[in-house]
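See structure below.
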Amino acid sequence: MQMFARQPSSSRALAIARLALAASFLVLLASLASAGLGGARAASSPSSPLSPKVLRERAHQSASEKPSFVVIQTDDETLDQLYASINAGGIEVQAMPYTLSLIANRGMTFNRYYVSYPLCCPSRVSLLTGRYAHNHNVRGNVPPNGGYTGFKARGAFSHNLAPWLQAAGYRTIHIGKFLNGYGDEPFDTGTDVPPGWSAWHSVLRADTNHYFYGYTLNDNGAIDGPFGESGSWDTREYGERDYFGCPTTTFEGKPCVYETDVFSRIAAEEMAGTPPEQPFYLQLDYTAPHGDFRKPAGPEPATRHYNTFAGAPYPHTRSQGFNEGNVNDKPRFIREAPYLSVNDSHVYRVYYQKALESLRSLDEGVKTVVETLGGLHRLRNTYIIFTSDNGFFYGEHRLTGGKFLAYEPSTHLPLLIRGPGIKAGTSTGELAANIDLAPTVLELAGAQADKSIDGTSLVPFMREPTLRTRRPILFESFVETNDVEANGEPTAQRAQVKELARGGGASASIVAPPKDYEGIRLGPYKYIEWPDGEKELYDVTKDPYELNNIVRVANLFPIRAFLHAQLIRLENCVGSTCREVAPKFPLTREQQRKVTKQRREEERRKQKEREEREHHKRHG
């Protein structure tokens with residue numbers, strides 16, 4: 001395996017100058033707590049570093065009273081992966097120790113956070129707009145109704161967090177993956193900088209290629225790259241990889257270009273390059289742990305993290321739904337799904353291990369963000385939000401390689417928030433969703449939206465962890481399996497991808513379900529309706545792995561009818577109607593019988609008392 005990044009050509013001098021700063025920059029990070037941050041790009045000149053002296057002066061100046069924000073969004077990360085660990089020689093090695101110690105332990109964990117539409121583009125646009133997909137109308141990953149092309153053709157393009165915060169005086173920064181189809185010709189050239197972004201460093205063709213080496217960036221309107229060598233589909237190997245000492249140590253002067261590390265470094269540079277008196281909103285969208293269609297299955301880890309999670313078991317066991325045995329209570333498309341083969345099981349176990357390994361450099365990026373903020377004296381007045389756009393199936397319910405269904409591995413995701421006024425190490429069980437992040441940021445920033453918002457601010461729950469409401473969360477989808485897969489691989493290679501399972505690759509396993517399902521999450525229940533008439537109901541508190549569909553349990557018919565009515569109310573909701581709390585749950589049939597029995601017994605007792613009083617009157 002080659003472990004050295006190639007020497008880029010001289011025609012890309014601007015990009016190389018920036019990348020060559022990596023080693024010196026990260027060495028300087030070690031002294032962040034007491035000194036300024038080195039190797040940062042100035043806001044007006046992305047390729048020019050600020051001197052340590054200037055950074056030290058800036059670090060001691062007071063920032064704006066308005067808080068700043070860093071939103072870190074991963075791609076396809078599950079809740080299990082956030083907390084995953086492996087025993088290595090008697091020592092527990094966590095996949096994301098810095099994220100847990102620096103954000104979760106220093107802030108709040110939202111234990112019941114869901115994405116309403118677990119698919120890349122709709123989910124990411126919901127985060128930016130605070131609206132359900134049926135209102136922002138980016139309904140999939142591909143044109144004309146989805147992807148970057150669909151986003152650009154809709155109001156969400158110019159009505160989202162970026163222009164709203166920019167209008168309130170914020171410097172807005174985007175780094176990493178944006179939306180599927182960005183830079184995918186012939187639909188898009190990748191030269192756009194969407195409205196509202198002050199600084200723009202976004203990867204082109206992110207969901208066509210999913211490269212960790214050989215990727216191309218739009219740096220504030222200028223196309224940079226490729227960084228590294230993507231290799232070929234014939235070998236399914238990258239041309240070269242970073243030296244194992246990257247990003248702190250290089251070899252023979254070759255730059256470190258592993259994508260996750262570069263995103264983290266650019267984030268540090270942009271924060272340092274922001275004037276100290278100006279608040280900023282930075283959205284850092286990593287590609288990891290999304291797979292990259294290179295050998296072996298799963299995403300490419302940083303060279304230094306290779307095989308650090310080799311041997312890690314699947315996140316769920318047979319008793320927790322892996323390769324589920326009895327699926328008679330599931331919808332048709334799962335009933336018809338075959339058991340996972342031995343090869344499938346192996347491929348996706350490798351995929352899971354590589355996903356965990358890829359998260360290690362991302363986790364180090366979280367540390368870089370926190371240390372950079374500390375070195376700039378901005379940590380105390382910055383909210384750091386960590387989340388994922390959607391989950392992923394690793395064999396649960398016989399599903400692999402997909403997401404967009406409403407089951408827990410796909411929709412129940414991490415949400416960690418650290419910042420001013422949030423008590424360290426707290427958690428809340430309030431239902432929250434990706435539509436809530438935009439209104440939360442707007443309230444904290446004192447900014448206003450110019451469009452209706454469906455979500456609710458999470459600020460009250462951040463301040464008071466015990467606060468609860470009965471606001472439901474809507475699940476919706478407007479695609480089927482083929483729509484999802486169509487934008488998952490380069491057009492010329494789709495046929496090849498279907499064969500990857502035999503060679504160590506991965507592709508979605510499920511038979512296409514009926515299109516356009518919808519559902520609701522409220523209280524302990526999750527209720528799903530399929531357009532072919534099939535329904536699912538789970539008590540997630542008692543059945544967290546969704547093994548027992550209780551939709552046909554007669555005792556729960558009143559609950560089912562109640563959830564159906566709430567779903568009808570939500571399916572076309574707009575603005576405040578989406579935020580309305582639900583009435584109290586009705587009684588189950590058994591509860592109704594008990595209440596009726598108690599009422600009759602009470603009536604008999606009262607009748608007996610009346611009769612006794614009458615008797616005493618007549619014979620007293």
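The values are calculated or read from the model by the stated rules, or taken from the named source; none is laboratory data. Just so you know, these numbers come straight off a predicted model, no measurement behind them. In this analysis, Cβ positions are derived from the backbone assuming ideal geometry, glycine residues included, and neighbour counts consider all displayed protein chains. Quick note on the areas: whole protein, heavy atoms, side chains included, nothing else; ligands and nucleic acids left out. Shrake-Rupley method; radii C 1.70, N 1.55, O 1.52, S 1.80 Å.
Take the residues of the stretch 574-597 that are under 13 Å from R470 (Cα atoms) and of a type in the set (D, E, K, R): which is most open to solvent (accessible area, probe 1.4 Å)?
K584
Please verify whether R600 is loosely packed, with under 11 Cβ neighbours inside 10 Å, of a type in the set (D, E, K, R) and not in a loop (DSSP other than H, G, I, E, B), treating the condition exactly as stated.
yes
Scan the stretch 520-550 for residues that are in contact (Cβ under 8 Å) with a residue 40 or more places away in the chain and either open to solvent by less than 10 Å² (accessible area, probe 1.4 Å) or closer than 21 Å to H316 by Cα (or both) and report the count.
14
What residue, among those in the stretch 353-384 that are hydroxyl-bearing (S, T, Y) and in a helix (DSSP H, G or I), is farthest from K66 (Cα to Cα)?
S358
Would you check if there is a residue in the stretch 236-257 being outside any loop (DSSP other than H, G, I, E, B) and surrounded by 24 or more Cβ atoms within 10 Å (Cβ to Cβ)?
no
Sort out which residues of the stretch 159-175 are farther than 24 Å from A272 by Cβ and not in a helix (DSSP H, G or I), and write them in order of number.
Correct list: H159, N160.
Output the number of the condition that G150 fails; it satisfies all remaining conditions of (1) under 22 Å from I72 (Cα atoms); (2) open to solvent by less than 20 Å² (accessible area, probe 1.4 Å); (3) part of a helix (DSSP H, G or I).
So G150 meets the others, but not (1).
Can you tell me which residue in the stretch 61-102 is most open to solvent (accessible area, probe 1.4 Å), limited to those that are of a type in the set (D, E, K, R) and more than 24 Å from A312 (Cα to Cα)?
Filtering the stretch 61-102 for residues that are of a type in the set (D, E, K, R) and more than 24 Å from A312 (Cα to Cα), the one most open to solvent (accessible area, probe 1.4 Å) comes out as E65.
Within the stretch 331-348, which residues are surrounded by fewer than 19 Cβ atoms within 10 Å (Cβ to Cβ), out of contact with any helix residue (DSSP H, G or I) (no Cβ under 7 Å at 6 or more places or on another chain), part of a helix (DSSP H, G or I) and in contact (Cβ under 8 Å) with a residue 12 or more places away in the chain?
Passing the criteria: R332, S345.
Report the residue count in the stretch 123-140 for those that are touching a residue at least 60 places away in the same chain (Cβ under 8 Å) and open to solvent by less than 10 Å² (accessible area, probe 1.4 Å).
Within the stretch 123-140, residues that are touching a residue at least 60 places away in the same chain (Cβ under 8 Å) and open to solvent by less than 10 Å² (accessible area, probe 1.4 Å) number 10.
Can you name the residue in the stretch 324-338 that is touching a Lys or Arg at 6+ places or on another chain (Cβ under 6 Å) and at pLDDT 95 or above and, of all such residues, is nearest to E536 (Cα to Cα)?
Ranking the candidates gives V327 first.
Identify the residue in the stretch 186-201 that is without any contact (Cβ under 8 Å) to a residue 40 or more places away in the chain and out of contact with any Ser or Thr (no Cβ under 8 Å at 6 or more places or on another chain) and, among all such residues, is nearest to S358 (Cα to Cα).
W200
Kindly evaluate G225 against the criterion of being assigned to a strand (DSSP E or B), of a type in the set (G, A, S) and either surrounded by fewer than 24 Cβ atoms within 10 Å (Cβ to Cβ) or at pLDDT 95 or above (or both).
It is true that G225 is assigned to a strand (DSSP E or B), of a type in the set (G, A, S) and either surrounded by fewer than 24 Cβ atoms within 10 Å (Cβ to Cβ) or at pLDDT 95 or above (or both).
When the stretch 553-573 is examined, which residues are found to be assigned to a helix (DSSP H, G or I) and either in contact with a strand residue (DSSP E or B) (Cβ under 8 Å, 6 or more places away or on another chain) or open to solvent by less than 50 Å² (accessible area, probe 1.4 Å) (or both)?
Matches in the stretch 553-573: A554, N555, L556, P558, I559, R560, F562, L563, H564, Q566, L567, L570.
Taking S230 and the conditions (1) over 23 Å from V70 (Cβ atoms); (2) touching a residue at least 60 places away in the same chain (Cβ under 8 Å), which numbered condition does it fall short on, given that it satisfies the others?
Going through the list (1) over 23 Å from V70 (Cβ atoms); (2) touching a residue at least 60 places away in the same chain (Cβ under 8 Å), S230 breaks only (2).
Looking at (1) of a type outside the set (A, V, I, L, M); (2) open to solvent by 40 Å² or more (accessible area, probe 1.4 Å); (3) at positive phi, which is the one condition that is false for R304?
(3)
What are the residues in the stretch 103-122 that are over 16 Å from the mean Cα position of the chain (by Cα) and either free of Cβ contacts under 8 Å to residues at least 40 places away in the same chain or crowded, with 24+ Cβ neighbours inside 10 Å (or both), if any?
Answer for the stretch 103-122, where residues must be over 16 Å from the mean Cα position of the chain (by Cα) and either free of Cβ contacts under 8 Å to residues at least 40 places away in the same chain or crowded, with 24+ Cβ neighbours inside 10 Å (or both): just M108.
Of all residues in the stretch 433-472 being surrounded by fewer than 23 Cβ atoms within 10 Å (Cβ to Cβ) and small (G, A, S), which is nearest to the chain's Cα centre (by Cα)?
The qualifying residue nearest to the chain's Cα centre (by Cα) is S457.
Here are L165, L179, L161: which of them is over 19 Å from the mean Cα position of the chain (by Cα), open to solvent by less than 10 Å² (accessible area, probe 1.4 Å) and at pLDDT 95 or above?
The match here is L165.
In this structure, is V581 farther than 30 Å from F322 by Cβ and either part of a strand (DSSP E or B) or in contact (Cβ under 8 Å) with a residue 12 or more places away in the chain (or both)?
yes
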